[in-house]
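Worksheet: the structure to be examined is printed underneath.
The values are calculated or read from the model by the stated rules, or taken from the named source; none is laboratory data. The model shown is predicted, which means the values in this text are computed figures rather than measured ones. Glycine also receives a Cβ, built like all others from the backbone with ideal geometry; neighbour counts cover every protein chain displayed. We work out accessible area using only protein heavy atoms, side chains counted, and drop any ligands, DNA or RNA first. Shrake-Rupley method; radii C 1.70, N 1.55, O 1.52, S 1.80 Å.
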Amino acid sequence: MRSQLTAPVLMLVIDDDPLALDLVRTLLVELPISVLTSDDAAEGLDLLRTKRPQILLVDYRMPRMDGMQVIEQALQIDPDVYAMLMTAHYSTESAVATIEHGACDYFEKPIVAERLLARIEAIISQLRERDAADKLESEMVDAAQFEGMIGRSPEMMAVFSKVRHIAPHYRTALITGPTGTGKELVAQALHNQSPVAKAPFAVLNCSAVVETLFESELFGHIKGAFTGAVQDKVGVFEYANGGTVFLDEIGELPLAMQAKLLRVLQQQEVQRVGSPHPRKVNVRIVAATNRDLRAMVREKQFREDLFYRLAMVELKVPAIYQRVDDIPLL
């Protein structure tokens, strides 16, 4: 029974005898295969370079270059090609030598049609299995990649799924996980998947702000509000109005600032330092921390009302994951 495969495989046959080329082409006419032929070894190698056939069948005795030399060069051009030799001068020694030089099979002339057909069909089947495996691997990689991150663990796939589901709807979210696990990337993914993806995404690292400057960084200030305030400054909430504010390392936020942040969450308004006028903002807030905020709440180091307001949606990032741009190019 002939293979039901329909997508053609490309095969190159090299022989200085035109009759032998016609015979092989005729034998393979029923298979899902396209056949290129050449009666010159050098020309055949050029075809191999340009057309990249998956299968090569070459005669042993030819002018200027024998079949084993052709196979050696062919495997240097494409190590994956299925190379086979045919000859009218069979010997056990030459058959062994051919295999040692990288050929996958050896045919004696005149070629037995059924044996050639069976071998080519077996190779076609192997190629299809390899293609299917490559496609599956590609699909697995695609499925594991999400917004600049890659992860195949069930935990990371669960993070991807949760981001997709909550991004259209959340107003506040809390991302927890050890340092270096990419919490900012998860926050960026939430923003990118949300309806405000084209609006600003503002980042404030709370662990990098001097305590006396927190209020100015968060809410801004007006000119003359304090020494050094030589002009008006927009805080992250005003800057990101209509978009998302990402507060990294929220556990480092002083208690006084926690109360003012809670007001932003409740009232959706900010007041610049030195200004008596509140300003309305419409922002989504994503906070992240590597600390145990629940323990901090119990120890009175973090406001309970702020914690529960932030943790209405919580995403836990596992300890091991990898950024796409860290994957080595093979």
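Rounded to the nearest 500 deg cm²/dmol, what is the calculated helix-only ellipticity per residue at 222 nm for the chain, with -39500 (n - 2.57) per DSSP H run of length n ≥ 4?
Value at 222 nm, helices only, nearest 500: -12000 deg cm²/dmol.
Mind checking which of Tyr60, Met156, Phe201 is farthest towards the positive end of the chain's charge dipole, using Cβ charges of +1 (Lys, Arg) and -1 (Asp, Glu) about the Cα centre?
It is Phe201.
Calculate the spin-label point distance for Lys198 paired with Ala118, positioning each point 7 Å from the Cα along the beta-carbon direction, and give it in nanometres.
Spacing of the two 7 Å Cα→Cβ label points: 6.5 nm.
Over the alpha-carbon set of region 37-131, divide Rg by the Kirkwood Rh and report the Rg/Rh ratio to two decimals.
0.94
From largest accessible area down, sort Asp66, Asp46; use a 1.4 Å probe on the protein chains.
Accessible-area ranking of Asp66, Asp46, largest first: Asp46, Asp66.
Taking loop as defined by DSSP and a crowding limit of 13 other beta carbons within 10 Å, which trypsin sites (Lys or Arg not before Pro) in region 219-314 fit?
Lys223, Lys300
Roughly what % antiparallel, to the nearest 5, for the DSSP beta bridges in region 2-85?
On the way: 0 of 14 bridges.
Within region 2-85, antiparallel bridges account for around 0 percent of the total.
Lys260: which lysines have alpha carbons under 22 Å from its alpha carbon, excluding same-chain residues fewer than 8 sequence positions away?
Output for Lys260: Lys223, Lys233, Lys280, Lys300.
Taking a threshold of 23 Å on the Cα-Cα distance, which of the pairs Lys135/Lys162; Lys135/Lys316; Lys162/Lys198 fall above it?
Lys135/Lys162; Lys135/Lys316
Counting only protein heavy atoms, what percent of the accessible surface of the chain is carbon or sulfur at a 1.4 Å probe?
With neighbouring chains kept in place, the figure for the chain is 53 percent.
Kindly work out what percent of the DSSP beta bridges joining two residues of the chain are antiparallel, to the nearest 5.
20
Placing +1 at every Lys and Arg Cβ and -1 at every Asp and Glu Cβ, with all other atoms neutral, what dipole size does the chain have around its Cα centre, in debye to the nearest 20? Present the calculation step by step, with values, prior to reporting the outcome.
Values: 35 positive and 45 negative charges, 558 e Å.
About 2680 debye.
Once you keep just the Cα pairs under 8 angstrom separated by 6 or more residues, what percentage relative contact order results for region 1-132?
With pairs under 8 Å counted, the relative contact order is 21 percent.
Regarding the chain, what's the average projected area of the Cα-atom convex hull, expressed in nm²?
25.9
Counting Lys and Arg as +1 and Asp and Glu as -1, what is the net charge of the other residues whose Cβ lies under 13 Å from the Cβ of His277?
Charge balance near His277 sits at 0.
Taking region 202-302, which chymotrypsin sites (Phe, Trp or Tyr not before Pro) meet the DSSP loop condition and have no more than 15 other C-beta atoms within 10 Å?
Phe226
For region 203-320, list log₁₀ I(q)/I(0) at each q in 0.11 Å⁻¹, using the Debye formula over Cα point scatterers of equal strength and ignoring solvent, two decimals each.
The calculated log intensity ratios at q = 0.11 Å⁻¹ are -0.37.
Just want the answer: with Cβ charges of +1 for Lys and Arg and -1 for Asp and Glu, which residue in Gln73, Ile124, Ala41 is farthest toward the dipole's positive end in the chain?
Selected residue: Ile124.
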